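Chemist: Have a look at the structure that comes next, please.
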Amino acid sequence: MVGPLNRKPESSDPRPSGPTRRTAVGLILGAPLLAACSGGQISNPFGPSAPEGPPGPQQQPLAVGTGQVKVGLILPLSAAGNAGVAAQSMKNAAEMALAEFQNPNIQLLIKDDGGSPQGAQQVTQQALGEGVEIVLGPLFAASVPATAQLTRARSVPVIAFSTDSSVAGRGVYLLSFLPESDVNRIVDYSASIGKRSFAALLPDNAYGNVVEAAFKQAVGRKGRIVAFEKYTADRAGAARTVAQSLGSADALFIADDGESVVATADSLTAAGANLRNIQLLGTGLWDNPRVYASATLQGGLYAAPDPSGFRAFSERYRAKYGTDPVRTATLAYDAVALVAALSKQQGGQRFASETLTNPSGFAGIDGLFRFRSDGTNERGLAVMKVASGGSTPVAGSPKSFGA
């Protein structure tokens with residue numbers, strides 16, 4: 001179902017209020033986001049792992065739908081291991097979005113890139129030759145530039161699924177779970193409840209580097225950093241250094257996956273830190289049974305999409321395909337639902353940069369999102385509190401974006 005979010009007119013808004021701005025505001029994508037039961041965590045901060053081993057036989061191109069607007073969907077369907085599994089789940093979700101959208105005027109041209117840049121370039125060329133107006137995918141960061149090199153020459157926009165912000169740019173938008181959104185949301189919320197002095201303990205890896213940059217920028221707007229350390233496999237030294245400084249901090253940020261977060265908290269406790277006297281903060285990777293089972297992490301706060309959307313989506317997916325979706329399947333669903341909605345409402349400007357970067361954004365399975373002009377995205381996230389056996393929301397997802 002598609003319809004506008006309830007939004008008051010902005011009489012002081014200097015931007016023009018022509019058809020594009022009025023009708024693109026707050027598209028509701030796909031089927032209603034109904035409450036349901038259990039969801040799944042975003043276990044890998046950079047999405048599915050790059051394929052290990054050679055791909056299988058390339059899957060044949062597939063056309064789904066009979067609409068006039070041709071849309072390319074590029075996924076590593078024949079890639080080895082988890083990459084291929086994730087791609088198949090995303091393909092299913094894309095077809096599900098097309099089936100659930102009312103009278104879509106699009107034809108989805110599904111292409112298998114095998115998980116390689118060379119494959120992405122080959123199938124992108126095919127899709128452009130068939131007249132696609134927009135490309136959804138690829139999934140892996142290394143493949144996005146290979147696609148973008150060809151699409152930019154034809155002024156065809158790309159909505160890719162990589163979480164590596166460095167591959168975003170002119171005409172290339174990322175519809176993914178970016179760590180930066182988690183960091184900004186949890187720091188802003190912490191400041192709103194009076195936290196001003198932050199300590200942080202982060203992994204010394206690619207994810208930690210992205211989080212570090214976002215954390216330092218976010219805290220610079222809201223407070224100050226009193227202790228900051230990064231760790232490798234041996235956390236003891238970094239934990240001791242941070243533990244000694246916690247007396248002057250009122251919040252401690254630990255960004256890592258579930259098992260590593262628990263190990264880091266244990267290292268801090270072993271170094272003499274009393275974590276009950278400080279507000280623990282994390283990212284969406286804390287949505288993990290190991291975190292919920294940790295006595296030390298009870299009461300910790302983390303930013304993540306409101307889980308109700310994924311739960312409802314999972315129920316519909318399970319009923320249709322008889323299996324559970326991967327966590328990133330919602331990205332493919334939302335991408336197809338978005339292009340279907342824009343095709344219906346925006347006419348010739350459906351995929352123009354001004355339409356895709358509408359500041360009011362769009363509402364999808366995982367809540368609000370909007371594309372920035374640099375190709376990255378911003379998500380409207382909830383703040384969740386760690387509790388035994390699960391998590392509870394302490395601050396819901398926003399209903400609209402600020403300026």
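Chemist: Cut-off under 30 Å on the C-alpha distance; same-chain residues fewer than 8 positions from K70 excluded. Which lysines are left, in chain and number order?
Modeler: By straight Cα distance, K70 reaches K91, K111, K320, K344.
Chemist: Would you mind calculating the relative contact order of the chain from Cα pairs under 8 angstrom and at least 6 residues apart, reporting the percent as a whole number?
Modeler: Taking the mean separation of contacting Cα pairs over the length of the chain, I get 20 percent.
Chemist: Then there's this: Using the Cα centre of the stretch 285-387 as the reference point, and only Cβ charges (+1 on K/R, -1 on D/E), how large is the resulting charge dipole? Debye, rounded to the nearest 20.
Modeler: 200 debye
Chemist: Moving on. Could you work out, for the stretch 204-273, what percent of all Cα-Cα pairs fall into each 10 Å distance bin, beginning at 0 Å and stopping at the bin that holds the largest distance?
Modeler: So the P(r) values, bin by bin, are 19, 54, 27, 0.
Chemist: Can you give the convex hull volume per residue for the Cα atoms of the chain, as a whole number of Å³?
Modeler: About 135 Å³ per residue, rounded to a whole number.
Chemist: Quick check: pseudo-label points 7 Å beyond the Cα along Cα→Cβ at S155 and N209, how many nm apart are they?
Modeler: With each label placed 7 Å out from Cα toward Cβ, I get 3.6 nm.
Chemist: May I ask you to list the lysines whose Cα is less than 30 Å away from that of K216, ignoring any residue fewer than eight positions away on the same chain?
Modeler: Leaving aside lysines fewer than 8 places away in the same chain, those within reach of K216 are K195, K230, K385, K399.
Chemist: With +1 on the Cβ of every Lys and Arg and -1 on the Cβ of every Asp and Glu, and nothing else charged, how large is the dipole of the stretch 159-285 about its Cα centre, in debye rounded to the nearest 20?
Modeler: 560 debye
Chemist: Now for a different question. Which percent, nearest 5, of DSSP beta bridges in the chain are antiparallel?
Modeler: Antiparallel bridges make up about 35 percent of those DSSP assigns within the chain.
Chemist: Kindly rank 151-163, 389-401, 73-85 from highest to lowest mean number of other beta carbons found within 10 Å of each residue.
Modeler: For the peptides 151-163, 389-401, 73-85, the packing ranking is 73-85, 151-163, 389-401.
Chemist: Between A270 and Q58, what is the label-point separation in nm under the 7 Å Cα-to-beta-carbon projection?
Modeler: In this crude label model, Q58 to A270 measures out at 5.0 nm.
Chemist: Another question about this same structure. Restricting to Cα atoms and excluding each atom paired with itself, what does the Kirkwood estimate give for the stretch 264-395 in Å?
Modeler: 17.3 Å
Since every read-out is calculated from the coordinates, none of them should be taken as a lab result. The model shown is predicted, which means the values in this text are computed figures rather than measured ones. We place every Cβ from the backbone using ideal geometry, glycine too, and count neighbours over all the protein chains shown.
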